[in-house]
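Chemist: Take a look at the following structure, please.
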Amino acid sequence: MDLRNPLGVHALVWAGDTSPASVEYAVAQTAKTGFDLLEISLHDSINLDVPAAKAQLEAAGLQVACSRGLAFDADVSSDDSAVVARGEKLLHDSLMITSELGGTHFTGALYSALGKYGAPLSEAGRRMNIEEDEFVRPVLEVGDRLGYVHIGENHRGYLGSGHIDFAGFFHALSDISYTGPITFESFSSAVVSPTLSNDLSIWRNLWNDGPELARHAREYMVNAIDGASRVYS
């Protein structure tokens, strides 16, 4: 089947950090599983060897995207200008790394800190956040401005085993003729570091076998794309 969407997988399916060994493993497994794109989390960017990672990605014929979350001391939705400035620098530095890796997409929790707030955001903070009630209407409203798509189950487990209406979502993508990347994201404390597990509220292991999870996800995505496109063929 000739898919029009590059299919991606998040590096945290493979490893919890960006050390040279972990990046090498993530690149190899991503290519072996048949994905087109690897999304690299920059939460551990201090350990990321950017030139080596770029060379490995190119050798494997993989596209790359990057993502990260912001910290409470570098939160662009803060009322503290110094905190906002640190957040802006973190985003700028992350964009530079993304570009140096050869990527054109940078995503994640970029509008606020990745964590649990003790109180609602201020009015200024709310103007940086969009939270939707469901997944079909927003896709149709965004239309050709949509450039990158993440998918993951509500419980971060196997696709199709939770409560999300993926059929409706993929049909909406077909309705707008979306041809950009679709990247599978899933986290398990079996792989992710304890600190990041807490930030992401990962309280249980929904999977222990990253390669099996990824193979299932790719097959699910292929079938969902094909099913949505057949309706209009």
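Laboratory data are not the source of any read-out in this text; all were calculated from the coordinates shown. None of the values given here were measured: they were computed from a predicted structure.
Chemist: Using only Cα atoms, what is the ratio of the radius of gyration of the range 1-86 to 2.2 N^0.38 Å?
Modeler: Values: Rg = 15.4 Å, N = 86, 2.2 N^0.38 = 12.0 Å.
Taking the Cα Rg and dividing by 2.2 N^0.38 Å, one obtains 1.29.
Chemist: Please provide three numbers in whole Å: the alpha-carbon extents of the chain along the principal axes, with the largest listed first.
Modeler: 53, 41, 34
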